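Below: one structure, written as structure tokens.
The values are calculated or read from the model by the stated rules, or taken from the named source; none is laboratory data. Because the structure is a prediction, the values reported are computed rather than measured. In this analysis, Cβ positions are derived from the backbone assuming ideal geometry, glycine residues included, and neighbour counts consider all displayed protein chains. Just so you know, the surface numbers come from the protein's heavy atoms only, side chains and all, with ligands and any DNA or RNA stripped out. Shrake-Rupley method; radii C 1.70, N 1.55, O 1.52, S 1.80 Å.
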Amino acid sequence: MTTFDDREQAYENKFAHDANLNFQAEVRCNKKLGLWAAALLGKDDAEAAAYAEQIIKADLDEASHDDIIASIAADLGEKASVEEVTAKRADLLVAARKEVLEEL
């Protein structure tokens, strides 16, 4: 292999690694967001876990996080607005990324 091929392979490996870490952080964030919303809805532990799983699966099916945020805000009704859910998701994503990186 040439140096160029080695660099290309290294960049491809780094891209795949970064994409995997981002995916893990997104899933973790969605779980945390689902658990947070479930707590606001007064769900017990089993219901909260099921709700969080539902959020994770829905986000994997959707192209945009906006649909999930709107759905959670609709579920929460007056307990949290779309803006509050969006802000909470942003905070949780930062925490999730930090957790994923700490596990390396």
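Of all the residues in the stretch 23-48, those that are open to solvent by 50 Å² or more (accessible area, probe 1.4 Å), within 24 Å of residue 84 (Cβ to Cβ) and free of Cβ contacts under 8 Å to residues at least 24 places away in the same chain number 7. Of all the residues in the stretch 28-51, those that are over 11 Å from the mean Cα position of the chain (by Cα) and part of a helix (DSSP H, G or I) number 13.
Kindly indicate the residue of the stretch 52-63 that is assigned to a helix (DSSP H, G or I) and of a type outside the set (D, E, K, R) and also farthest from residue 38 (Cα to Cα) among those meeting that condition.
Residues of the stretch 52-63 assigned to a helix (DSSP H, G or I): 52-61.
Subsequent filtering for residues that are of a type outside the set (D, E, K, R) retains 52, 54-56, 58, 60.
Values: 52: 8, 54: 11, 55: 11, 56: 13, 58: 15, 60: 19 Å.
The selected residue is 60.
Only one residue in 75, 91, 66 is in a helix (DSSP H, G or I), open to solvent by 30 Å² or more (accessible area, probe 1.4 Å) and more than 19 Å from residue 26 (Cβ to Cβ). Which one? Exactly one of 75, 91, 66 is in a helix (DSSP H, G or I), open to solvent by 30 Å² or more (accessible area, probe 1.4 Å) and more than 19 Å from residue 26 (Cβ to Cβ), namely 75.
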